[in-house]
1. Scan 379, 388, 319, 400 and give me the residue that is farther than 17 Å from residue 174 by Cα, part of a loop (DSSP other than H, G, I, E, B) and outside the structural domain of residue 172 (by TED's automatic domain parsing).
2. Take the residues in the range 64-109 that are closer than 30 Å to residue 8 by Cα and without any contact (Cβ under 8 Å) to a residue 40 or more places away in the chain, then tell me which one is nearest to the chain's Cα centre (by Cα).
3. With respect to residue 280, is the statement that it is in a loop (DSSP other than H, G, I, E, B), touching a strand residue (DSSP E or B) at 6+ places or on another chain (Cβ under 7 Å) and at pLDDT below 90 true?
4. Taking the stated definitions as given, is residue 28 under 30 Å from the mean Cα position of the chain (by Cα) and in contact (Cβ under 8 Å) with a residue 24 or more places away in the chain?
5. Within the range 84-96, is even one residue modelled with pLDDT under 95, in contact with a strand residue (DSSP E or B) (Cβ under 8 Å, 6 or more places away or on another chain), closer than 25 Å to residue 159 by Cβ and in the same structural domain as residue 164 (by TED's automatic domain parsing)?
6. Is it the case that the range 122-129 has a residue that's in contact (Cβ under 8 Å) with a residue 60 or more places away in the chain and touching a helix residue (DSSP H, G or I) at 6+ places or on another chain (Cβ under 9 Å)?
7. Report the residue count in the range 188-235 for those that are touching a helix residue (DSSP H, G or I) at 6+ places or on another chain (Cβ under 8 Å) and not in a helix (DSSP H, G or I).
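The values are calculated or read from the model by the stated rules, or taken from the named source; none is laboratory data. This one's a predicted model, so the numbers in the text were calculated from it and none came from an experiment. Cβ atoms come from the backbone with ideal geometry, glycine included; neighbour counts cover every protein chain shown.
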């Protein structure tokens, strides 16, 4: 097989091969663990590897020799219409166990499928019917037509924004429905989306700078864009492989509203529309209003019950306490509990439960329990499930770290005696 090794072709070859290796590893991991998110990320890395292939193979001599030239001409390598939907499916599968690829999702892939059909028509017409270049009369690779590159860029930016929107609504929902939101906010998703955005901004920047600096307009100049693109997708490959953890809180979202719906069944079983409870509105605390008479009645009825469950029955000690669990114990629906906590206590569910956990930790520290067990052990006993979450919550509530607060408390006690 023809491959002229040079500075340009060899560097991209390294990223190309590693991209394929990580794609295979993620696919294997996805099949073994039945992880949909790993499979989608595997497909994304495959598309990224194919994206840089024309520049790698071009510098390897393929555009200058047959039959390699025709292979690059008629085999679509840059699947721009697929990359956007795939990153959106990846984000959904990572954050939402109720996400399934169904008939509706095929519509997202329709532009990419049509482009594949267009490529097939070109091949059949030129190679099998006319047996001469017709669609490729100018002998230019159709993957780099301006209309395709521009529309592909718009498509990817569109899916970046709806992916970011999905993640934003997910974060708003999680702090309202679980008491361990910090551990499932998946900062990796934000980093992944930002890396994907950087890919698109690089594309735009190179287009602009190529007008200013003529040397960027050539084949060698454009290579630097593909090199930078390869570095970014290599980062995604390495970090994504080590961060492929999925949440277990199912929900559905309407991207046009702020009203996600929560699933009562916390499992990865096949989602059924009948499993969705009524919409649990994500209430912005700073805009809360309690002037309605029915709201006042609701708060008066449910605030004491919620307080009793948390304070007297110590429900906060359950590290995986959720809004639906509280609602079940109090025999009401989650939207009522969410509304009472947001309006009555001016807190989201996550901060509300953590308030009781922090108070329990402070009480144990005051009683000197840190002398018989570690601070982290005390935090776990009070319902926290990670050191980082405990430290953040404690500092947010007290303005000091657990160690600083304990020392300050001991110092004040000594002064009093």
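1. Working: 379 fails: part of a loop (DSSP other than H, G, I, E, B); 388 fails: part of a loop (DSSP other than H, G, I, E, B); 319 fails: farther than 17 Å from residue 174 by Cα.
Exactly one residue qualifies, and that residue is 400.
2. So the residue we want is 82.
3. Values: in a loop (DSSP other than H, G, I, E, B): yes; touching a strand residue (DSSP E or B) at 6+ places or on another chain (Cβ under 7 Å): yes; at pLDDT below 90: yes.
In short, yes.
4. Numbers: under 30 Å from the mean Cα position of the chain (by Cα): yes; in contact (Cβ under 8 Å) with a residue 24 or more places away in the chain: no.
When the stated conditions are applied, residue 28 does not pass them.
5. Within the range 84-96, one or more residues are modelled with pLDDT under 95, in contact with a strand residue (DSSP E or B) (Cβ under 8 Å, 6 or more places away or on another chain), closer than 25 Å to residue 159 by Cβ and in the same structural domain as residue 164 (by TED's automatic domain parsing).
6. Initial filter on the range 122-129 (in contact (Cβ under 8 Å) with a residue 60 or more places away in the chain): none.
No, the range 122-129 contains no residue that is in contact (Cβ under 8 Å) with a residue 60 or more places away in the chain and touching a helix residue (DSSP H, G or I) at 6+ places or on another chain (Cβ under 9 Å).
7. Residues in the range 188-235 being touching a helix residue (DSSP H, G or I) at 6+ places or on another chain (Cβ under 8 Å) and not in a helix (DSSP H, G or I): 1 in total.
Every residue, every condition in (1) outside the structural domain of residue 11 (by TED's automatic domain parsing); (2) more than 21 Å from residue 223 (Cα to Cα); (3) surrounded by fewer than 18 Cβ atoms within 10 Å (Cβ to Cβ), yes or no:
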| site | (1), (2), (3) |
| --- | --- |
| 34 | no, yes, yes |
| 39 | no, yes, no |
| 48 | no, no, no |
| 55 | no, no, no |
| 59 | no, no, no |
| 68 | no, no, no |
| 71 | no, no, yes |
